[in-house]
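Readers should treat all values here as calculations from the given coordinates under stated rules, not as data from a laboratory. If you're wondering where the values come from, they're calculated on a predicted model, not measured in any experiment. Positions of Cβ are generated from backbone atoms using ideal geometry, with glycine treated the same way; all protein chains shown enter the neighbour counts.
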Amino acid sequence: MERLDRSAPLPDIMQGRWVDAEDPTSQLVISGGEITCFDRVVDYDFKEVGEDDGATTVSLRVSDNTREDDFQRANITELVWTSDGEFYAYNTRFASQFVRAAA
């Protein structure tokens, strides 16, 4: 996995405005390196980007280990673009599939 600073953009395929597949009122917006999910900006320090069996993965992290547990419960921590073209965001408490928002 490649470690990138917060300001580095996420993969192109993840950029844009997305809605939860089961609840279109819930949005995920990715603009460059900034991520807004459920109307809150995700406050992370760095990301690890990789590829595994055709899936593109992004793991969001904080540098301060004492904040890690709270961070993982309060924010999305993982983004996955599957080899089947599906997009998921999750953390230790939930997982959601997102689809591209209508223009």
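List every residue pair whose Cβ atoms lie under 7 Å apart, where the two residues are 6 or more positions apart in sequence or sit on different chains, the first residue falls within the stretch 5-27 and is in contact (Cβ under 8 Å) with a residue 12 or more places away in the chain and of a type in the set (Phe, Trp, Tyr), and the second residue, located anywhere, is in a loop (DSSP other than H, G, I, E, B) and surrounded by 11 or more Cβ atoms within 10 Å (Cβ to Cβ).
The qualifying pairs are Trp18/Ala101.
Can you tell me which residue in the stretch 17-46 is nearest to Trp81 (Cα to Cα), limited to those that are surrounded by 15 or more Cβ atoms within 10 Å (Cβ to Cβ) and in contact with a Lys or Arg (Cβ under 7 Å, 6 or more places away or on another chain)?
Trp18
Which members of the stretch 47-77 meet the condition of being closer than 16 Å to Gln15 by Cα and crowded, with 17+ Cβ neighbours inside 10 Å?
Lys47, Val49, Thr56, Thr57, Val58, Leu60, Ile76
Of a type in the set (S, T, N, Q) and either farther than 14 Å from Val99 by Cα or not in a loop (DSSP other than H, G, I, E, B) (or both), is that true of Thr25?
Working: of a type in the set (S, T, N, Q): yes; either farther than 14 Å from Val99 by Cα or not in a loop (DSSP other than H, G, I, E, B) (or both): no.
No.
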